[in-house]
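Q: Sending over a structure as structure tokens; questions will come in a sec.
The values are calculated or read from the model by the stated rules, or taken from the named source; none is laboratory data. Bear in mind that the values here come from a model prediction, so they are computed numbers and not experimental data. Note that we place each Cβ from the backbone using ideal geometry, even for glycine, and neighbour counts take in every protein chain shown. Heads up: the accessible areas ignore ligands, DNA and RNA and are worked out on the full protein's heavy atoms, side chains in. Shrake-Rupley method; radii C 1.70, N 1.55, O 1.52, S 1.80 Å.
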Amino acid sequence: MTAQNRVVVVGLDGATFDLIMPWVQAGKLPTLARLLTESAAAPLESVLHPFTAQAWSSMVTGANQGKHRIFDFWERDFHTYGFRLTNASFRSLPALWTLLSQVGRRVIVLNVPMTYPPEAVNGVLVSGWDTPGMGAAFTYPLGLKAELESLANGQPYVIVPDDWKYSTAQRADKVLSELQREVDVRFAVVTNLMQREPWDLCFFVVSALDGAAHFLWKYHDPAHPLYDAGQRAALFAEDPLLQVYQRADQRLGEFLQTLPPDAYVLVVSDHGEGPLEDIEIHLNLWLAEQGLLTFLPAGGARSPRRMAKWLAARAVERGKHALYGRVSFSTLSRLRHLWPDRLRTTLGEESFFPGIDWGSTLAYSEEVRGNIWINLRGRDPQGIVEPGDAYESLRSRIIDTLPELRDPRTGQRIITRVWRREERFSGPYVERFPDLVVEAAYPDLFRPRGAYPGDAPVRHLTVEEMRGRRITGCHRPHGIFLARGRGVQAGHWLPNANITDVAPTVLYLLGEPVPTWMDGRVLTDIFTPDVLAERPICRDGQTTVAAGRADVTYDDADAQKLADRLAGLGYL
């Protein structure tokens, strides 16, 4: 290997060996079948929690969330009990392409999540998931935006597929066609860019496989509670989830034929996928059951502040409960502006934490994630838990008792572990994260209460309730990793790799030093022994990096677009 090596990273968002391996064995994915014989491979352990924003950010920086700051699509606003949406400007560490641009290497970056607003690179960049819409300035250089339709061979460019919109409209056939169109557009644009632009690293992401799992799982899996063989046969000639994988497999095969024979190829995903099952955990109901959280009463609020809070809670309860699944999150956000100024902040808080009496609450959760916050004095606006011994004692109590939560049908435990944030993360941003992070078999077990009027913290949903969900498939903790090229052991299977290992391994393949602040390691196990003897791993000795760009926040209109997208994908 020399310093002139070139690397292509193909991101297949949500791709999982759980689907790939059976289809490969059945002869349905010939390109991935060939890659598996030509590559070293491993299941790729994602972050906690395995969602798009934090997973790709960890992959491209080689560092944990406590260092790069992106813990989720949103982060706490500690002036309130609310949140604000994040984007690439919040990321505090340089991505692979930033490091390479600084040393004169040429890059092509296309559709990687958390790259908006686009940064100046030594090459070209088209931002991804967090782009608010086609009207935004989402390319570097800016003039590239006008060329995207031509680069897509005359097709309209796709930032994010409209699969979630068609799924909401109950048009599964349109979901499939929209996902396949995104595959076609992404591979067309990257192929054409690579033919005209010089490059050392090309890193691009196809998001269709993730959308397919979210919206088409019930048509794929006969064991899913919503599977209907007649409905599937009426809509699709064959498994639609397989059809999306096959389109990606076909386009990937065509793309590989265009690459120079000495280029290294990595195929990666940020997490896996699986069914969204009929069980839900409502953490705030569990906290209330333990006497750690108090909900506002249905009436009887007396002080003006308490009355305002109760009215705000009831407004959101009506929006989230009576209209649950029928009114979008962004519509609720827009309604905030109809309320007096003194209620807007409260409504913002109540969007995540409806009906909580903060003055009597020790711990709380936003419930869309397995996160628990301590209502800490000096940090939270109405915090009542003293820092120090009281804080630690409360965390220990929850850690000891929450894992006892059990499935009401099987009696089995459903919590894997409750982590203190500093046990799982390190770096200057850890104190911005939830005080406790709750790990379960998959992250979408944690759900908001919605229209549920009861108080059971764990429950099984009715079929009707499941039909009201926006998605039928959701994330799992392990994605995929494949690497092909000179000196890589073909057909070698590693038992596991970590998502933070991708960045240092790419730098090593390119002959560049690996920053010491990266948490990941070069995956030395994938190489033949002579490769490592020929060129040992080089660390650059840099232990700190300059702060990232100033935070760029979305305006109200763009924030509403992003919130709608998050809601459509089942994240809100």
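Q: Would you be able to tell me the number of residues in region 509-521 that are open to solvent by 10 Å² or more (accessible area, probe 1.4 Å) and of a type in the set (Val, Ile, Thr)?
A: The qualifying residues number 1.
Q: OK, next. With respect to the numbered conditions (1) under 23 Å from residue 495 (Cβ atoms); (2) among the polar types (S, T, N, Q); (3) without any contact (Cβ under 8 Å) to a residue 40 or more places away in the chain; (4) crowded, with 24+ Cβ neighbours inside 10 Å, which one is the sole condition not fulfilled by residue 54?
A: The number of the failed condition is (1).
Q: Looking at 270, 249, 239, 278 in this structure, which one is under 26 Å from the mean Cα position of the chain (by Cα), modelled with pLDDT of 95 or more and either under 30 Å from residue 456 (Cα atoms) or open to solvent by 30 Å² or more (accessible area, probe 1.4 Å) (or both)?
A: 278
Residue-by-condition table, conditions (1) under 24 Å from residue 9 (Cα atoms); (2) within 23 Å of the chain's Cα centre (by Cα); (3) polar (S, T, N, Q):
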site	(1), (2), (3)
95	yes, yes, no
102	yes, no, yes
114	yes, yes, no
118	yes, yes, no
123	yes, no, no
134	no, yes, no
152	yes, no, no
176	no, yes, no
180	yes, yes, yes
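Q: Consider region 423-439. How many of its residues are part of a loop (DSSP other than H, G, I, E, B) and either within 16 Å of residue 58 (Cβ to Cβ) or of a type in the set (Asp, Glu) (or both)?
A: The total comes to 7.
Q: Would a scan of region 386-398 turn up a residue that is open to solvent by 20 Å² or more (accessible area, probe 1.4 Å) and in contact with a Gly (Cβ under 8 Å, 6 or more places away or on another chain)?
A: Looking through region 386-398, at least one residue is open to solvent by 20 Å² or more (accessible area, probe 1.4 Å) and in contact with a Gly (Cβ under 8 Å, 6 or more places away or on another chain).
Q: Shifting gears a bit: Does any residue of region 64-72 turn out to be farther than 23 Å from residue 540 by Cβ, open to solvent by less than 10 Å² (accessible area, probe 1.4 Å) and among the charged types (D, E, K, R)?
A: Yes, there is a match, as at least one residue in region 64-72 is farther than 23 Å from residue 540 by Cβ, open to solvent by less than 10 Å² (accessible area, probe 1.4 Å) and among the charged types (D, E, K, R).
Q: Then there is this: Does residue 506 meet the test of being over 18 Å from the mean Cα position of the chain (by Cα) and open to solvent by less than 40 Å² (accessible area, probe 1.4 Å)?
A: It is true that residue 506 is over 18 Å from the mean Cα position of the chain (by Cα) and open to solvent by less than 40 Å² (accessible area, probe 1.4 Å).
Q: Can you name the residue in region 97-111 that is touching a Ser or Thr at 6+ places or on another chain (Cβ under 8 Å) and among the aliphatic types (A, V, I, L, M) and, of all such residues, is nearest to residue 162 (Cα to Cα)?
A: For region 97-111, the residue satisfying everything is 109.
Q: Just to verify a result, which residue in region 1-23, among those that are touching a Phe, Trp or Tyr at 6+ places or on another chain (Cβ under 9 Å) and more than 30 Å from residue 511 (Cβ to Cβ), is surrounded by the fewest Cβ atoms within 10 Å (Cβ to Cβ)?
A: That would be 23.
Q: Looking for something modelled with pLDDT of 95 or more, of a type outside the set (S, T, N, Q) and part of a loop (DSSP other than H, G, I, E, B) - is there at least one such residue anywhere in region 15-25?
A: yes
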